[in-house]
Amino acid sequence: MQMLKFFTAALFTLPLLVLAMTNMRPSLEVGIIQLFLTLLVVDVGHKFYTVGFRNLIKLQLNMDSLVAVSTSFALVFSLRNLLELRTSSLRDEVPARKVR
């Protein structure tokens, strides 16, 4: 079962890595695809989050809690950047009003 999870996560991580390293211009479409692939990888590794946050609440810190906290922070930061990219693309689409 562990090998299946590993290969499933690797299957979703490889296209994510290729997208992140080849497309250096931020676009909303690519960001949404990357978010979808990231959420699939997080779903496959959900054990890190359940065990990690449980250990964090009990103050019994270990590698699972470190992985859970750090990747959760990175995911929240990436979501914030994606929302900022969305709002900036919406501002660019709205035509500017003429000032009289």
To the nearest 500 deg cm²/dmol, what mean residue ellipticity at 222 nm is calculated for the chain from DSSP H runs of n ≥ 4 alone, each contributing -39,500 (n - 2.57), summed and divided by the residues? -28000 deg cm²/dmol
Restricting to Cα pairs below 8 Å that are 6+ residues apart, what does the relative contact order work out to for the chain? Please round to a whole percent. 25
Summing +1 per Lys or Arg and -1 per Asp or Glu among the other residues with Cβ less than 14 Å from Leu19's Cβ gives 0
Using label points projected 7 Å from each Cα along Cα→Cβ, tell me how many nm separate Ser78 and Glu29, to one decimal. 2.0
Quick check on packing: order 20-26, 38-44 by the mean number of other C-beta atoms within 10 Å, highest mean leading. 38-44, 20-26
Is the range 1-60 best put as rounded, prolate or oblate by its Cα gyration tensor, with a ≥ b ≥ c the root eigenvalues, rounded for a/c under 1.5, and otherwise prolate when a/b is larger than b/c, oblate when not? oblate
Full extension from Leu56 to Leu85: what is 0.36 nm times the residue separation minus their Cα-Cα distance, to one decimal in nm? 7.2 nm
What angle do you read, to the nearest 10 degrees and between 0 and 90, between the alpha-carbon axis of helix 63-93 and the longest principal axis of the chain? 10
When the convex hull of the C-alpha atoms of the chain is computed, what volume per residue in Å³ does it have? 120
Could you tell me the relative contact order of the range 3-52? Use alpha-carbon pairs under 8 Å, at least six residues apart, and round to a whole percent. 54
For the range 4-66, which trypsin sites (Lys or Arg not before Pro) pass both filters: DSSP loop (anything but H, G, I, E, B) and at most 14 other C-beta atoms within 10 Å? Lys58
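FYI, it's all coordinate maths here, none of it is from the lab. Note that the structure is a prediction, hence the values are computed from the model and not measured. Counting neighbours? That spans all protein chains shown, and the Cβs are built from the backbone with ideal geometry, glycine included.
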